[in-house]
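Student: First, the structure itself, so that you have it in front of you.
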Amino acid sequence: AGVAALVYSRRPDLIPQTGSPTAIIAVLDSSAEDQVAPEGLEEFDPPGWDDHYGHGRINAFRALLSVSRGDVNNSGEVDIIDLTMEVEIVFRGGNLNEIAWHPALADLNCDGVNNAVDIVLLVNTAFRDVAQPVCYHFDY
């Protein structure tokens, strides 16, 4: 419930007017860390959802990261400052140590690389009213 509240506080748009938390549940399920069976019992616990561990262990960082991409400065809004920082990262190798940020916040398409595609996606998110990306790639 606590992580669901964090996700909701970050993205209240994930609960539509109907009040159904389906999207938030999907974020929690998709961002959970899959738990593996002890050595020798792997055949009884395949990767993914299972009867023993469900979707796995909830991970607040991964859940928040999955709904925060594009908000490079982690301010709670995707805006012109995020676009400026994204351009700095992509074209100048941006050293943004003075601001608490995670490289994945600038990787909007979850391909593991910050490039011009991420800038286009950020422009669409910030200025063209396209839905903010929600992706579940966590190899950072």
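Student: So which of GLY48, GLY54, GLY76 is at pLDDT below 80, at positive phi and touching a helix residue (DSSP H, G or I) at 6+ places or on another chain (Cβ under 8 Å)?
Tutor: None of the other options fit; the residue is GLY76.
Student: Restricting the search to the range 85-125, which residues are under 25 Å from ALA63 (Cβ atoms), over 14 Å from the mean Cα position of the chain (by Cα) and at pLDDT below 80?
Tutor: LEU96, ILE99, ALA100, THR125
Student: A further question follows. Starting from the range 70-94, take each residue that is in contact (Cβ under 8 Å) with a residue 12 or more places away in the chain and open to solvent by less than 30 Å² (accessible area, probe 1.4 Å) and list its partners that are outside any helix (DSSP H, G or I) and β-branched (Val, Ile, Thr), counting only C-beta distances under 6 angstrom and pairs at least six apart or across chains.
Tutor: What qualifies is GLY70/VAL78; ASP71/VAL78; ASP82/VAL72; MET85/VAL72; GLU86/VAL72.
The values are calculated or read from the model by the stated rules, or taken from the named source; none is laboratory data. As the structure is a prediction and not an experimental result, all values here were calculated from the model. For neighbour counting, all protein chains shown are included, and Cβ atoms are generated from backbone atoms with ideal geometry for every residue, glycine included. Surface accessibility is based on the protein's heavy atoms, side chains included, excluding ligands, DNA and RNA. Shrake-Rupley method; radii C 1.70, N 1.55, O 1.52, S 1.80 Å.
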